[in-house]
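In what follows, a single structure is set out as structure tokens and then discussed.
The values are calculated or read from the model by the stated rules, or taken from the named source; none is laboratory data. A quick note: this is a predicted structure, and the numbers were derived from the prediction, not measured. FYI the Cβ positions are ideal-geometry reconstructions off the backbone, even for glycines, and counts take in every protein chain you see. Keep in mind that these areas ignore ligands, DNA and RNA; they rest on the heavy atoms of the full protein, side chains included. Shrake-Rupley method; radii C 1.70, N 1.55, O 1.52, S 1.80 Å.
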Amino acid sequence: MWEYTDKVKDHFLNPRNVGKIDDADGVGEVGSLACGDALRLYFKVDKDGKIIDAKFQTFGCASAIASSSALTEMLKGMNLEEAQKISNEDIAQFLGGLPKEKMHCSVMGRDALEKAIDYYRGESEKKQEGNIVCECFGVTDLEIERTVRENNLRTIEDVTDYVKAGGGCGQCHDQIQEIIDSVTGKETPKRKEKVGMTNLQKIKLIEETLEREIRPALKQDGGDIELIDVDGNQVLVKLRGTCAKCAASQVTLKHYVENKLQEFVAPELVVEEVQ
Amino acid sequence: MMHIVYMDNNATTKVDPQVVEEMIPYFMESYGNPSSMHILGGQAGIKLKEARVNVAGLIGAQPEEIIFTSCGTESDNTAIWAALKSNPGKKHIVTTRVEHPAIKNLAEYLAKNGYRVTFVPVDRKGRLDMDFFYESLTDDTAVVSVMWANNESGVIFPIEEIAPVLRDRGIVFHSDAVQAVGKLPVNVEKVEVDMLSLSGHKLHAPKGVGALYVRKRTKFSPFLMGGHQEKGRRGGTENVASIIGLGKAAQLALERHEEVNTRVRALRDRLEKELLERIPNSMVNGDQEMRLPNTTSIAFEYVEGEAILLMMNELGICASSGSACTSGSLEPSHVLRAMGVPFTAAHGSIRFSLSTYNTDQEVEFIIKKLPPVISRLREMSPFWADREGLANAVCSVQ
Ligand SMILES: Cc1ncc(COP(=O)(O)O)c(C=O)c1O
């Protein structure tokens, strides 16, 4: 069982400021159902730029709810310049600390706040997004770099605790290490290139991987996948059955198939769907 | 003090008072080492023998086919390594996608260290894909390990159907029956597995004691090498008191099978039915027919499991969850994911596992107290109001 402080328990069991603000000036949403937690933050600002009300809606564990509640309490009465300076550490401290594995809940609070402020200032569009490093949780290099810097993180495990990156399949661990090293000013030795495969060997390995790793999962959902062609590093596939119809599955599926093929065959493969 | 409603018996059980009573003399009175040639050793030795008879009796085995271990995990590891070591030429292992980590993590380790491992998938109801299973068997298959019943969904696998096929093909068959023993009649005379694991703390004996059944004439080599204990099959001075406790628990379990299958089953069924009726957007994970009589895993959509557990905890209700936040990992349980339970439901899945200690009043209490907890968390969730738009947005492929 997690060891939560009394303050975390209090903000979880009696969360402050739950709900929506219909005419909010700032709205920021982070997380998703798939990831297991999500926060939607609302605030209202008076004419002097002071936050007069803040509310939240959260799907997630006790510390996610407590962090959201804490954040709204902190925000009320602040002006935007002060609000902008709130760090994830401040949220955790307000609660008397969070278990290390739950620090990502405080980071979620900070991210939602940042988005809400951008929204208020009409800057949502021009933010630099970075490149996705962790596919499982959709975390970018910029987010990782920033959190490593701000919280003095040193290991991949730290990064997972704070932003979840690396907590799924683990394929991005090398990349995360590189980011940590670049922040801390260390060099990583370049990874060794894989020994080359002939085209025929590659196709055979792709076929085997589809059969062993991918088809069984699709068949459970009444779908199937067919290998159409391999063109260099491009793998052309066709989807059948329910998978072909489910629009939302496309992204998941492409990632899933691609990840598996990259894991078992070669890291540079890309998957394309043909109709 | 608040009354605790304990419905987490698949995690561990209360030690039965009769078990404790049986154990006590072996701490401070008859505390000898059973190998010793004196009265205190002799007293312990006799009781150990009696425990072996009782544990064997619970599963229809011969006493000399029982090896006492330190836990279910050790039994599982011992079985797999023994099978691999006695079939050095064979490099293939077949198991399932929903095994307990005691098998799963070992199999994943072996897959990276010279073995080929097939993880047989399950369907949406948690049932094994039997065609896939049979097709995966080869002449290179050294061992098959399939759990008797799943700890999360409670789904029971067709061990009885698989056993003769493997016997004919000369493939060693191990079953992790940690969740089945004590809840179901498990009989190795009728169902010809070669090895079978069980664990004390799932059947009202203490934690830290288990047993491995090894059928006569099955090739075996020890996992813990050491002294001559357990006929050289498991080194280490026996955990005398706990083994004696396990023996007593085995005896009690045999007497209580009927009660588990009738009274406890009825409690579970009532709890499940009422919760599904009273809480919208909830459903059972797993096959409701072929299932342990004490277990139900219910998914409450759009809420997160840890939050539910902690709110239930405030009310004195103990259960467990398949959500990511409780497992210490960031992804929901591998069992629910293997079943293709969508994320909307996997994160909010709660497992209730009952025992003979549970009562009608306790079921009544949960039925009354849980629906408001779920509504409260749903009111807080940004997805609850938007659920129509989300229903199709999540694909179970993962
Ligand atoms: C199916 C199954 N196998 C093995 C184990 C491990 O048993 P132990 O805790 O005694 O090592 C458990 C217990 O959680 C289990 O449920």
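Count, please, the residues in segment B:186-215 that happen to be open to solvent by less than 10 Å² (accessible area, probe 1.4 Å), within 11 Å of the ligand (Cβ to nearest atom) and closer than 15 Å to B:Thr73 by Cα.
Matching residues across segment B:186-215 total 7.
Give segment B:219-237 a look and list any residue that's touching a residue at least 60 places away in the same chain (Cβ under 8 Å), away from the ligand (no atom under 16 Å from the Cβ) and not hydrophobic (A, V, I, L, M, F, W, C), or say none.
B:Lys219, B:Ser221, B:Pro222, B:Gly227, B:His228, B:Gln229, B:Glu230, B:Lys231, B:Arg233, B:Thr237
Out of all the residues in segment B:190-211, is one or more of a type in the set (A, V, I, L, M), modelled with pLDDT of 95 or more, closer than 18 Å to B:Lys49 by Cβ and assigned to a strand (DSSP E or B)?
Yes, there is a match, as at least one residue in segment B:190-211 is of a type in the set (A, V, I, L, M), modelled with pLDDT of 95 or more, closer than 18 Å to B:Lys49 by Cβ and assigned to a strand (DSSP E or B).
Tell me whether segment B:65-84 contains one or more residues that are within 14 Å of chain A (Cβ to nearest Cβ), away from the ligand (no atom under 16 Å from the Cβ) and open to solvent by 10 Å² or more (accessible area, probe 1.4 Å).
no
Going through B:Leu336, B:Leu292, B:Leu309 one at a time, which residue ends up being closer than 28 Å to B:Lys14 by Cβ, surrounded by 20 or more Cβ atoms within 10 Å (Cβ to Cβ) and within 11 Å of chain A (Cβ to nearest Cβ)?
Among B:Leu336, B:Leu292, B:Leu309, only B:Leu309 is closer than 28 Å to B:Lys14 by Cβ, surrounded by 20 or more Cβ atoms within 10 Å (Cβ to Cβ) and within 11 Å of chain A (Cβ to nearest Cβ).
Among the residues of segment B:94-116 satisfying the criterion of being more than 17 Å from the chain's Cα centre (by Cα) and within 14 Å of chain A (Cβ to nearest Cβ), which is farthest from the ligand (Cβ to nearest atom)?
Here the answer is B:Arg116.
Away from the ligand (no atom under 16 Å from the Cβ) and outside any loop (DSSP other than H, G, I, E, B) - does that describe any residue in segment B:27-37?
Scanning segment B:27-37, I find at least one residue that is away from the ligand (no atom under 16 Å from the Cβ) and outside any loop (DSSP other than H, G, I, E, B), so the answer is yes.
For residues in segment B:7-20 being touching a Lys or Arg at 6+ places or on another chain (Cβ under 8 Å) and more than 16 Å from the ligand (Cβ to nearest atom), which is farthest from the other protein chains (Cβ to nearest Cβ)?
Among them, the one singled out is B:Gln18.
Could you please give the count of residues in segment A:55-100 that are under 22 Å from B:Ala307 (Cα atoms) and either in contact with a strand residue (DSSP E or B) (Cβ under 7 Å, 6 or more places away or on another chain) or open to solvent by less than 10 Å² (accessible area, probe 1.4 Å) (or both)?
22
Take segment A:1-14 and flag every residue that is buried (at least 18 other Cβ atoms within 10 Å of the Cβ) and in contact with a Leu (Cβ under 6 Å, 6 or more places away or on another chain).
Residue satisfying the conditions is A:Val8 alone.
Looking at A:Ala92, A:Ala66, A:Ala62 in this structure, which one is in contact with a Cys (Cβ under 9 Å, 6 or more places away or on another chain) and under 16 Å from A:Glu150 (Cβ atoms)?
None of the others qualify; the one that does is A:Ala92.
State whether one or more residues within segment B:148-170 are closer than 21 Å to B:Asn77 by Cβ, crowded, with 24+ Cβ neighbours inside 10 Å and among the hydroxyl-bearing types (Ser, Thr, Tyr).
So far as segment B:148-170 goes, no, none of its residues is closer than 21 Å to B:Asn77 by Cβ, crowded, with 24+ Cβ neighbours inside 10 Å and among the hydroxyl-bearing types (Ser, Thr, Tyr).
Within segment A:102-121, identify whether any single residue is within 14 Å of chain B (Cβ to nearest Cβ) and in a loop (DSSP other than H, G, I, E, B), and answer yes or no.
No, segment A:102-121 contains no residue that is within 14 Å of chain B (Cβ to nearest Cβ) and in a loop (DSSP other than H, G, I, E, B).
Quick check on my filter: what residues within segment A:107-117 are over 14 Å from A:Glu73 (Cα atoms) and surrounded by 24 or more Cβ atoms within 10 Å (Cβ to Cβ)?
A:Val107, A:Met108, A:Ala112, A:Ala116
Hey, can you tell me all the residues within segment A:58-81 that are touching a helix residue (DSSP H, G or I) at 6+ places or on another chain (Cβ under 6 Å) and outside any helix (DSSP H, G or I)?
Answer for segment A:58-81, where residues must be touching a helix residue (DSSP H, G or I) at 6+ places or on another chain (Cβ under 6 Å) and outside any helix (DSSP H, G or I): A:Thr58, A:Cys61.
Tell me which of these B:Phe157 doesn't satisfy, since it passes every other one: (1) away from the ligand (no atom under 12 Å from the Cβ); (2) more than 14 Å from B:Ala61 (Cβ to Cβ); (3) aromatic (Phe, Trp, Tyr).
(1)
Can you give me the number of residues within segment B:279-289 that are surrounded by fewer than 14 Cβ atoms within 10 Å (Cβ to Cβ) and more than 26 Å from the chain's Cα centre (by Cα)?
So the answer is 1.
Failed condition for B:Lys90, given (1) within 16 Å of the ligand (Cβ to nearest atom); (2) assigned to a loop (DSSP other than H, G, I, E, B); (3) charged (D, E, K, R), with all others met?
Of everything listed in (1) within 16 Å of the ligand (Cβ to nearest atom); (2) assigned to a loop (DSSP other than H, G, I, E, B); (3) charged (D, E, K, R), B:Lys90 misses just condition (1).
Please find, within segment A:34-57, the residue that is farthest from B:Phe383 (Cα to Cα) out of those that are in contact (Cβ under 8 Å) with a residue 12 or more places away in the chain and outside any strand (DSSP E or B).
Among those residues, the one meeting the criterion is A:Asp48.
Looking only at segment A:82-101, count how many residues are in contact with a helix residue (DSSP H, G or I) (Cβ under 8 Å, 6 or more places away or on another chain) and in a helix (DSSP H, G or I).
10
Could you list all residues from segment B:304-359 that are at pLDDT 95 or above and of a type in the set (Lys, Arg)?
Across segment B:304-359, the qualifying residue is only B:Arg351.
Please work out which residue is least open to solvent (accessible area, probe 1.4 Å), limiting yourself to segment A:15-26 and to residues that are out of contact with any Asp or Glu (no Cβ under 8 Å at 6 or more places or on another chain) and either more than 11 Å from chain B (Cβ to nearest Cβ) or free of Cβ contacts under 8 Å to residues at least 40 places away in the same chain (or both).
A:Gly26
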